[in-house]
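For reference, the structure discussed in these notes is given below.
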Amino acid sequence: MTASHAIFRTDASVTQGLGHFMRCRALAEEWMARGGRATFVTTRTPQDLQSRLQDEGFGVRTAPSAHCNGTDELAWLTSVLQEERPAVLVLDGYHFDLHYQQAVRPWVKCLVCLDDVPEHPFACDVFLNQNLGVTAEEYKSLVPHGTTVLLGPQYALLRAEFREHAGSYRVAAKPRRVLVTLGGSDEADHTARVLGELASLAGIEMDVMLGPMYPHGNPIGRIRGLDPGRIHVHRGVDRLLDLAALADLAMTAGGSTVWELACLGIPMVVLGTATNQDAVLRGLGAEQAALVLGPIQSLSPGEIAEAVRSLLASPSRLLDLSRAASSLVDGRGGERVSEAIEGILARSVSRPGASVGLVKS
């Protein structure tokens, strides 16, 4: 059990999406369950999400508008660290580069960095990439010696409710209900394309989960040939578990949502909507844990509809996908990451950030 204070520096926005925010929220939930304190420090997260954090017992610090970019933002965060004196700082976002990490690391005993693509160097005590398709060798030259490196979906950061419902999927005798969820913002509106293709499939029912930052309004009226009686539109940040319980199949992007669906055992058709999802798509395909269609821009008209049609017609294949997916994620990633952080804190002596690491993959 820990009584340490952890600060989570992350954002959610239309351009950045929701994934960074959601996985930090899951880790913060586990940290508080262990007796610690958790504070979110943000510059551009929507107010309704900030209010949700406060309702859940997290602290929230928001940068004044004058401190939202570059050196001003870093200076502001440093002042927050000096004031709050946390033991742990978690950074989750692509703009927290090596210089940024080196500037904040002296102010905490344990710096934790989250990443998705092995491209940039890090200066942290605990490093996490929760995705498939990455290896310790790829990060060997990117993280300092002694850093605790956590790789793979066994470390996927999911809220406790997913752990409690792990492997809950049951294949229906006549599968017909499809869940469509393409991210917290879906700035490019891939949702509209998917729904347009699925409109051609007779007899299916659709639940569409729109993220809290989806900027395109209700998609139903914009899609020709879509029967509004067969589609249910939902908006929110915490609807996935309820909607997944109704789903025979999910159509999703290659972001953090795949690990939530995999934990539940929901069969998936996965699309690539961003380049940082490439490793996830490759990994899911290699494990046969999803039907991976690849980048959505490269798909021919009708390819999405045909993939869904063929899977719904094969309950045995749905069951195979479910079993393969659920074998990857047990929902205990937050526990494992928290234990790694606690290990660093237990071994730290006088220098903030001092640690002896163990590489795991």
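The values are calculated or read from the model by the stated rules, or taken from the named source; none is laboratory data. Quick caveat: nothing in here was measured; it's all calculated off a predicted structure. Cβ sites come from the backbone with ideal geometry, for glycine too, and all protein chains shown count toward neighbours. We work out accessible area using only protein heavy atoms, side chains counted, and drop any ligands, DNA or RNA first. Shrake-Rupley method; radii C 1.70, N 1.55, O 1.52, S 1.80 Å.
Odds and ends about this structure:
- For the pair SER200 and GLU287, label points projected 7 Å from Cα toward Cβ lie 3.2 nm apart.
- Summarising the label geometry, the points placed 7 Å from Cα in the beta-carbon direction at LEU74 and GLU303 lie 4.1 nm from one another.
- ALA38 long-range amide H proximity, modeled H, under 5 Å: ALA6, GLY59
- DSSP bridge orientation in region 40-128 - percent antiparallel, rounded to nearest 5: 0 percent
- The length gained on full extension between TYR94 and ILE220, counted as 0.36 nm times the residue separation minus their Cα-Cα distance, comes to 42.0 nm.
- With every protein chain in place, the chain: carbon and sulfur % of accessible area (1.4 Å): 51 percent
- Rounded to the nearest 20, the size of the Cβ-charge dipole of the chain about its Cα centre is 440 debye, with Lys and Arg at +1 and Asp and Glu at -1.
- Annotation: amide H of VAL149 within the under-5 Å range of PHE127, LEU358, VAL359, LYS360, sequence separation 5 or more or interchain, hydrogens built in the peptide plane.
- In degrees, nearest ten, helix 333-347 long axis to first principal axis of the chain (Cα): 10 degrees
- Neighbour cut-off at most 15 other Cβ (10 Å), DSSP loop, trypsin sites (Lys or Arg not before Pro), region 154-207: ARG170, ARG176
- Crossing angle, helix 303-312 versus the chain [Cα axis fit, 0-90 degrees, rounded to tens]: 80 degrees
- Rounded tilt (10° steps) of 315-326 against the dominant C-alpha axis of the chain: 0 degrees
- Net +/- balance of residues flanking ASP125 in space, Cβ distance below 10 Å, scoring K and R +1, D and E -1: +3
- Annotation for SER168 and GLU56: the two label points, set 7 Å from Cα along the Cα-Cβ direction, are 1.7 nm apart.
- Potential lengthening of the chain between HIS145 and GLU119 amounts to 7.6 nm, from the contour at 0.36 nm per residue minus the alpha-carbon distance.
- Under the Karplus curve 6.51 cos²θ - 1.76 cosθ + 1.60, θ = phi - 60°, whole-Hz ³J(HN,Hα) for region 162-170, x wherever Gly or Pro sits: 6, 4, 5, 10, 4, x, 7, 5, 10
- For region 123-137, backbone phi angles converted through the Karplus equation (6.51, -1.76, 1.60; θ = phi - 60°) give residue-by-residue couplings of 9, 9, 8, 10, 10, 10, 10, 7, 8, 6, x, 10, 10, 4, 4 Hz, Gly and Pro being listed as x.
- Positive minus negative residues near SER327 (Lys, Arg vs Asp, Glu; Cβ under 13 Å): -2
- Cysteines in the chain lacking a second Cys C-beta under 4.7 Å: CYS24, CYS68, CYS110, CYS263
- Each helix, a run of at least 4 DSSP H residues, gives -39500 (n - 2.57); summed and divided by the residues of the chain, these come to -10000 deg cm²/dmol at 222 nm.
- Sparse-neighbourhood loop sites, GluC sites (Glu not before Pro) in region 145-252 - DSSP loop, at most 13 other Cβ within 10 angstrom: none
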